[in-house]
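Working notes, structure below.
The values are calculated or read from the model by the stated rules, or taken from the named source; none is laboratory data. This is a predicted model, so every value here is computed, not measured. Because the Cβ atoms are built from the backbone with ideal geometry, glycine has one as well, and the counts that use them run over all protein chains shown. Side chains included, ligands, DNA and RNA excluded: accessible areas come from the protein's heavy atoms. Shrake-Rupley method; radii C 1.70, N 1.55, O 1.52, S 1.80 Å.
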Amino acid sequence: MSHPTLLEQLQQDGDFLKLTLSNPNALEPFNFSLLDDTIVCIWDTGVICFEPKQLTHQDIVLSCGVHGNETAPIEICADIVQQVLTGQITLKHRLLVLFGNPPAINASKREIEENLNRLFSGQHNDTAVTPSAERERAKKLEGYVGQFYSSSRVTDLVPRNRYLYDLHTAIRGSRFEKFAVYPFLHEKPWRKAQFEFLQACDVTTVLLMQTPATTFSYFASNTHGADAFTIELGKVKPFGQNDMTRFTKVCTALRQLISHDTVQTVAFDEHQFQLYQVYRAINKQTEAFKLHFADDVENFTSYPVGTLLASDGELEYRVEQPGEALIFPNAKVAKGQRAMLMVVPTTVAGNVV
Ligand SMILES: [Zn+2]
């Protein structure tokens, strides 16, 4: 079934974000051909797939708005989609762009009912909890990513080059403004080419995870063998208040990624990166959980060994390691959830290809 009005409007202004936000819960799928060389498929609200007619070995997923109030990545992805739709960018590779949680974007909230980025790798199926809009969306997003990766017309290259960059901004400031989370690879080597791409995006702080997670990036990495990252681009700001000049490098690198054979990078040198690994996760166990530092403390702040970081009723959490730094502190999480990660400096030497 065709949607002449939606289609005409999208062809005219290329504003897929506007279309998504005016239909936040669902959008009937429709397709059209762009300049005769790319098929554009709208699969759902916030889900747009581009298939260049020219065969390609790269399947690229860009996602944003998994947390609805993280506006800068939403603006970046909306611009990219608009530039493709209006012919300012010619795609070289298959591209799927996802606006994760449209109702939360409309509400300018991180989430409507629960944290969407804790519901992947099947976590949305947990039958012990009540269904939520986010659970439904997580299941659908998993399906779309699977459909995208498996529907390539080129099958001679196995494994294919699959990528997923899930773009976020953090609730608080960071000692290192931009940083990436490299999902647990189950002892497989980290990739130099990916560190090089991150550096081209102005991201030189990388947190290397050592355990499975229920994040979107771990799902793409573990289930589909994609090079996948959660990328934090700075601090949350309302729409229109982001200083887009702070994102020039990441915007350039993303545009190169989708429209060129290669991205301009410099050779990987570990010394140009701040690499961290998780030392421990601190989970909120009771409603008495309390953080013992100021609300505006930046991610990657470290304190002397012995400093009291948090308390949870009788329990006390103090700094245990020199260089131990805190990240993602949030006392408002639900009981049982992670309230803070503690990380320590590390190296990829010996396990990078
Ligand atoms: Zn986020």
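Miscellaneous remarks
- Qualifying residue in region 15-34 (condition: among the basic types (Lys, Arg) and over 19 Å from residue 162 (Cα atoms)): yes
- Filter result (away from the ligand (no atom under 15 Å from the Cβ) and either in contact with a His (Cβ under 7 Å, 6 or more places away or on another chain) or in contact (Cβ under 8 Å) with a residue 60 or more places away in the chain (or both)) within region 201-213: 204, 205, 206, 208, 209, 210, 211, 212
- Among (1) more than 16 Å from the ligand (Cβ to nearest atom); (2) under 25 Å from residue 235 (Cα atoms), the one test that residue 216 misses: (1)
- Across region 51-73, the qualifying residues are those that are touching a Pro at 6+ places or on another chain (Cβ under 8 Å) and not polar (S, T, N, Q), and the one among them that is nearest to residue 106 (Cα to Cα) is 68.
- Considered as a group, the residues in region 52-64 that are surrounded by fewer than 22 Cβ atoms within 10 Å (Cβ to Cβ), out of contact with any Asp or Glu (no Cβ under 8 Å at 6 or more places or on another chain) and of a type outside the set (A, V, I, L, M, F, W, C) include one that is modelled with the lowest pLDDT, and that residue is 56.
- The one condition from (1) assigned to a strand (DSSP E or B); (2) open to solvent by 10 Å² or more (accessible area, probe 1.4 Å) that residue 82 does not meet is (1).
- When residues of region 113-134 are limited to those that are surrounded by 17 or more Cβ atoms within 10 Å (Cβ to Cβ) and hydrophobic (A, V, I, L, M, F, W, C), the one farthest from the ligand (Cβ to nearest atom): 133
- Here residue 48 does not fit the description of being surrounded by 20 or more Cβ atoms within 10 Å (Cβ to Cβ) and over 24 Å from residue 9 (Cβ atoms).
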